[in-house]
């Protein structure tokens, strides 16, 4: 619809220019080559200006699409990295807790360290979408809240904490995977090679 309106403006401008040209010929009665050259240059400038405008707008639109594509790719890569680190870290806690190698409290501390370390889960999540980052932060708040609630012996209350940990972890992983899927679809839909 927009392009039709743009072409309509060009056609209308050309028509008005031709009408002005006809009126000038009627007014002066004689054809002066300088006047004809000036009118032709005027009409050419108007048409050339509109064609240039269309070309610049198309270039800007394509540039924005390419930039959006790059942002989606960067967000997807950061989300993928954070999700992998998240799954690895939570799997280590689940495995070690089930094998009773360490108390739940110790494992919880190690998991929180994975979130806080340089280029850890939280750092990677900051480069992703707001929704992804907020999901990670909500889970992190859950972990730190659990850490405050778990006793130092960590076993009886750790068992209760672990019963909360597992479904919360599964829910967070599902949310993160859905966000990865949405980002992947955005990448496919905004692929600049379709331009």
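Screening residue 90 with (1) loosely packed, with under 13 Cβ neighbours inside 10 Å; (2) touching a helix residue (DSSP H, G or I) at 6+ places or on another chain (Cβ under 7 Å) gives one miss only, at (1). Candidates 93, 107, 111, 122: the one that is at pLDDT below 85, under 23 Å from residue 72 (Cα atoms) and in a helix (DSSP H, G or I) is 122.
Among the residues of the range 46-56, are any closer than 30 Å to residue 131 by Cα, modelled with pLDDT of 85 or more and either part of a helix (DSSP H, G or I) or touching a strand residue (DSSP E or B) at 6+ places or on another chain (Cβ under 8 Å) (or both)? Checked the range 46-56: no residue is closer than 30 Å to residue 131 by Cα, modelled with pLDDT of 85 or more and either part of a helix (DSSP H, G or I) or touching a strand residue (DSSP E or B) at 6+ places or on another chain (Cβ under 8 Å) (or both).
For residue 194, only one of the following conditions fails: (1) modelled with pLDDT of 80 or more; (2) surrounded by fewer than 16 Cβ atoms within 10 Å (Cβ to Cβ). What is its number? Single failed check for residue 194: (1).
Residues of the range 51-87 that are surrounded by 18 or more Cβ atoms within 10 Å (Cβ to Cβ), within 11 Å of the chain's Cα centre (by Cα) and closer than 14 Å to residue 124 by Cα: 75, 76.
Per the conditions (1) surrounded by 13 or more Cβ atoms within 10 Å (Cβ to Cβ); (2) part of a helix (DSSP H, G or I), the sole criterion not satisfied by residue 128 is (2).
The values are calculated or read from the model by the stated rules, or taken from the named source; none is laboratory data. Here the structure is a predicted model, which means the values were calculated and not measured. Cβ sites come from the backbone with ideal geometry, for glycine too, and all protein chains shown count toward neighbours.
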